[in-house]
1. Of the residues 114, 139, only one is loosely packed, with under 13 Cβ neighbours inside 10 Å, of a type in the set (D, E, K, R) and modelled with pLDDT under 95; which?
2. Restrict the check to the stretch 77-87 and report whether at least one residue is among the small types (Gly, Ala, Ser), touching a Phe, Trp or Tyr at 6+ places or on another chain (Cβ under 6 Å), more than 26 Å from residue 241 (Cα to Cα) and at pLDDT 95 or above.
3. For the stretch 212-242, how many residues are part of a loop (DSSP other than H, G, I, E, B) and charged (D, E, K, R)?
4. Determine whether residue 211 is open to solvent by 40 Å² or more (accessible area, probe 1.4 Å), modelled with pLDDT under 90 and among the β-branched types (Val, Ile, Thr).
5. Hey, among the residues in the stretch 30-89 that are of a type in the set (A, V, I, L, M) and over 16 Å from residue 108 (Cβ atoms), which one's most open to solvent (accessible area, probe 1.4 Å)?
6. For the stretch 38-71, which residues satisfy the criterion of being at pLDDT below 90 and over 20 Å from the mean Cα position of the chain (by Cα)?
7. Residues to consider are 151, 190, 146; find the one that is open to solvent by less than 30 Å² (accessible area, probe 1.4 Å) and at pLDDT 95 or above.
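The values are calculated or read from the model by the stated rules, or taken from the named source; none is laboratory data. Please read all numbers here as calculations on a predicted model, not as lab measurements. Every residue, glycine as well, gets a Cβ built from its backbone with ideal geometry; the counts of neighbours run over all protein chains shown. Heavy atoms of the whole protein, side chains included, go into the accessibility calculation; ligands, DNA and RNA do not. Shrake-Rupley method; radii C 1.70, N 1.55, O 1.52, S 1.80 Å.
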Amino acid sequence: MKFQKENIIHLLFPRRCPICDKAMFSSVFMRTELCCAACREIPEYVKEPVCKKCGKPIENEWAEYCYDCRKHPGGFAQGKALWIYKDQVKESMYRFKYQNRQEYARYYGSEIVRVYGDWMKRNKIEAIVPIPLHWTKKRRRGYNQAQLLAAEIGKQTGLPVYPKLLKRIKKTKAQKNLDETERKNNLKKAFKTQENKVQLSHILLVDDIYTTGSTINEAALELKRAGIEQVYYVSVCIGRGY
């Protein structure tokens, strides 16, 4: 009875492919299918050479770090991203954030764990913390996309997720509209730790998109001020470096 009820729900509200956004009616009976078979080949996965710190793809295979990490070393230890932020991936992220495609988080999370699960183990990640939204933005949007993603990664790795460890106390402007200096100043003192988790030493920050790293860096610095020894990050997509 439960199986039939779930099938009816999936038939009425079919899961959508996170890449093309088409309804996946076949997922009613193939419950593990999270993305169209043809669409799995569309995203460009991040591959070497990459910055040894932030994981951003770089053209010079002899360089160890991208321009941003050379100029601003940052407060996090290392980070990884799944896809290059372009074309259909960019459209997918827009729908995920602004068009209520919350179900996309399941595929994003499963791919992150598939590609970087061993990396998380090697770095002894103990807990996952999503980058928080300011309460006004979360109320307007209805959800925090980073929290949805963190929950999926936590579910598939068994790691605890602490969505309230960090709070965004400053209403910041959209980073994409600011220059380098403005981005850095925009996020100063934007986050505050709310819970005492100093017994944790290795934390994984989760966000949807990594650009210059200003957001991740400021969040990592606040966690380190609270006593966290090492902060890592993972994101769905990332821009190219140089």
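1. So the residue among 114, 139 that is loosely packed, with under 13 Cβ neighbours inside 10 Å, of a type in the set (D, E, K, R) and modelled with pLDDT under 95 is 139.
2. No, the stretch 77-87 contains no residue that is among the small types (Gly, Ala, Ser), touching a Phe, Trp or Tyr at 6+ places or on another chain (Cβ under 6 Å), more than 26 Å from residue 241 (Cα to Cα) and at pLDDT 95 or above.
3. Filtering the stretch 212-242 down to residues part of a loop (DSSP other than H, G, I, E, B) leaves 212-213, 226-229, 239-242.
Next, only the ones that are charged (D, E, K, R) stay: 229, 240.
Within the stretch 212-242, residues that are part of a loop (DSSP other than H, G, I, E, B) and charged (D, E, K, R) number 2.
4. yes
5. Going through the stretch 30-89, the residues of a type in the set (A, V, I, L, M) turn out to be 30, 34, 37-38, 42, 46, 50, 58, 63, 77, 81-82, 84, 89.
Right, trim to over 16 Å from residue 108 (Cβ atoms) and you get 30, 37-38, 50, 58, 63, 77.
Working: 30: 110, 37: 67, 38: 78, 50: 18, 58: 14, 63: 31, 77: 37 Å².
The residue in question is 30.
6. Residues satisfying the conditions are 59, 60, 61, 62, 63, 67, 70, 71.
7. Only one candidate qualifies: 146.
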